[in-house]
Amino acid sequence: MHQALQTVIQPETLAPLLLSLKTALAALVSHLILGVGLGYALSLRKLPFRFLLDAIVTLPLVFPPIATGFMLLMLFGRYGLIGEHLASHGIDIVFSPAGVYIAAVISGLPLVVKPVQSAIENTTGSLREAARTLGKSELNTLVCIILPNIRGVILAGLLLSVGRSFGEVGITLMLGGNITRRTETVSLAIYNAVFEGNFEKALLLSALLAIISVAVFTGMNKLNGHSKTAE
């Protein structure tokens with residue numbers, strides 16, 4: 001136990017843990033805002049270019065992560081469509097913590113957006129009609145009526161997205177790189193440890209990710225239990 005603790009607090013082990021925790025926290029906030037917003041937008045049948053937006057959001061679920069990462073690399077690279085403009089202002093995304101953050105957000109976003117979209121489409125028809133009858137605005141209806149009724153779905157999606165951010169490798173590797181103490185996440189640290197033959201470190205980090213996965217699973221079960229009780 002003491003030896004395991006000593007391994008955890010070493011800088012080369014602690015740095016990936018801290019980066020993964022910071023990334024997960026930032027992704028959680030982003031998924032809450034973007035996930036709910038995009039889920040609501042996609043539930044509007046008359047939204048212009050709805051199919052295109054839906055395809056972009058869903059792409060990380062069906063497209064290989066390494067290929068998604070390559071596409072983002074071409075987009076955010078120094079000579080990419082967005083990256084070139086950012087680079088002219090001294091902002092570098094590729095091979096930086098910002099790239100790790102973007103990878104986590106994009107990979108986990110569909111896990112929040114799609115359940116929220118489905119929940120709104122399936123449960124809010126009569127609620128919207130009642131709100132319009134009472135003279136409520138669309139924003140007031142969303143904040144005060146719709147979101148409270150699907151809060152369990154939102155929380156479950158956020159738990160999944162956070163778990164996904166800890167396990168992300170493909171997009172992170174392409175966009176954030178694998179730079180020790182800079183863009184090396186826990187998942188990449190496991191890969192590096194195995195490659196170096198340091199199986200003790202890889203086992204320890206894998207155990208930490210297992211604990212996080214169990215915590216996410218337990219949280220989802222509790223949310224599911226609460227939702228069934230409420231029904």
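Think of segment 2-230 as a dipole: +1 on every Lys or Arg Cβ, -1 on every Asp or Glu Cβ, centred on the Cα centre; then among PHE166, ASN149, TYR191, ASN149 lies furthest on the positive end. Applying 1/(1 + (r/R0)^6) with R0 = 22 Å to the Cβ-Cβ distance of GLU84 and THR58 gives a FRET efficiency near 0.20.
For mean projected area of the Cα convex hull in nm², several values are listed as (1) 12.5; (2) 15.5; (3) 11.7; flag the one computed from this structure. Among (1) 12.5; (2) 15.5; (3) 11.7, the one derived from this structure is (2).
For segment 1-104, the dipole from Cβ point charges (+1 on Lys and Arg, -1 on Asp and Glu) about the Cα centre works out to 400 debye, to the nearest 20. Taking a straight Cα-Cα cut-off under 14 Å and skipping sequence neighbours fewer than 8 places away in the same chain, the aspartates and glutamates within cross-link reach of LYS114 are ASP54.
Coordinate-derived values only; no laboratory data. A quick note: this is a predicted structure, and the numbers were derived from the prediction, not measured. With ideal geometry, Cβ positions are generated from the backbone for all residues, glycine too; neighbour counts draw on all protein chains shown.
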